[in-house]
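Presented below is the structure to which this report refers.
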Ligand code: NDP
Ligand code: 8X3
């Protein structure tokens, strides 16, 4: 198979799990992130058991010129075979009330989760249109459906992703391009380590009182939606751990 799946934030968590899942289904991959060593290790691991092509892009999705140049500079053979974009790169930085929030955290979240997703989409969508086929997955969050205490700006960025998924679906309905919004609850990845700025004890405590989702659960869900028949699109998937009822309500506890 010559088809390529383009995944942002593939160096960890959900993006990495998607890379492994699509590799196991024999798709070629374009994997992007800032940490190249992690991408190199992932590539080496995947190629031990799958005969596919993997292209690595060192990409900070916030750098708009670099995003468009790196994507435009991909080989023609690659570009004309990209059929799926997984807009996954993203993060939460800090968890503070709005009056005590750090403006640099806000900039980082807005620049990555919203503007970065837009820069990548702006460069990839014309390629999908040219290829007359495509499926875009935007990784939003339960934080894009609800707002919780001290989640303010992160929740706002994920609400923006939710809106952009709806907007893309309208704009691309005539182009044979499906758009699926993915809204997970708590998934144990590097997410909380990043949110709490390297405090691994605090990050681990987030998942101590319940069984969270794992990145593989999200990858399996994305692949399920991707493999729907041509006439079917899963517009919006909210996926939660069985023991999580809302952004803040968990089995046997009311908060985290
Ligand atoms: P991880 O921290 O494990 O992975 C985040 C990925 O995003 C990494 O590969 C990181 O790569 C990449 N990334 C972050 N900033 C940038 C940037 N500026 N440019 C390029 N890549 C970047 O977390 P998850 O796998 O959990 O997160 C993936 C997505 O899922 C995020 O959008 C997150 O908001 C969302 N999500 C997560 C949930 C959870 O509970 N874990 C729940 C709901 C949604 P690198 O640092 O190498 O650049
Ligand atoms: C990550 C899940 O609930 O921490 O998007 O916002 S949550």
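Throughout, read-outs are computed from the coordinates displayed, never taken from laboratory work. The structure displayed is predicted, hence computed values, not measured ones. Here Cβ is always computed from backbone atoms with ideal geometry, including for glycine, and neighbour counts include all displayed protein chains.
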(message) For the stretch 169-256, give me the percentage of DSSP beta bridges that are antiparallel, rounded to the nearest 5 percent.
(response) 25
(request) Order the peptides 85-91, 142-148, 2-8 from the highest to the lowest mean number of other Cβ atoms within 10 Å of their residues. (result) 85-91, 2-8, 142-148
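Taking the convex hull of the alpha carbon atoms in the stretch 135-223, what volume per residue do you get, in Å³?
About 98 Å³ per residue, rounded to a whole number.
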(message) Among 80, 244, 37, which one shows the highest mean-square fluctuation when the chain is modelled as a Gaussian network with alpha-carbon springs under 10 Å?
(response) 37
(request) Would you mind estimating how fast the stretch 18-95 diffuses translationally, via Stokes-Einstein at 37 °C and 0.692 mPa s with the Kirkwood radius over Cα pairs, in µm²/s? (result) 240
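Neighbour counts of other C-beta atoms within 10 Å: give me 34, 169 arranged from fewest to most.
If I rank by nearby Cβ atoms, fewest first, I get 34, 169.
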(request) State the antiparallel share, in %, of DSSP beta bridges confined to the chain, rounding to the nearest 5. (result) 5
(request) Give the percent of DSSP beta bridges with both residues in the stretch 1-87 that are antiparallel, rounded to the nearest 5. (result) 0
(request) Tell me what the chain gives for mean residue ellipticity at 222 nm when only DSSP H runs of n ≥ 4 count, each as -39,500 (n - 2.57), the sum divided by the residue total, rounded to 500 deg cm²/dmol. (result) -12000 deg cm²/dmol
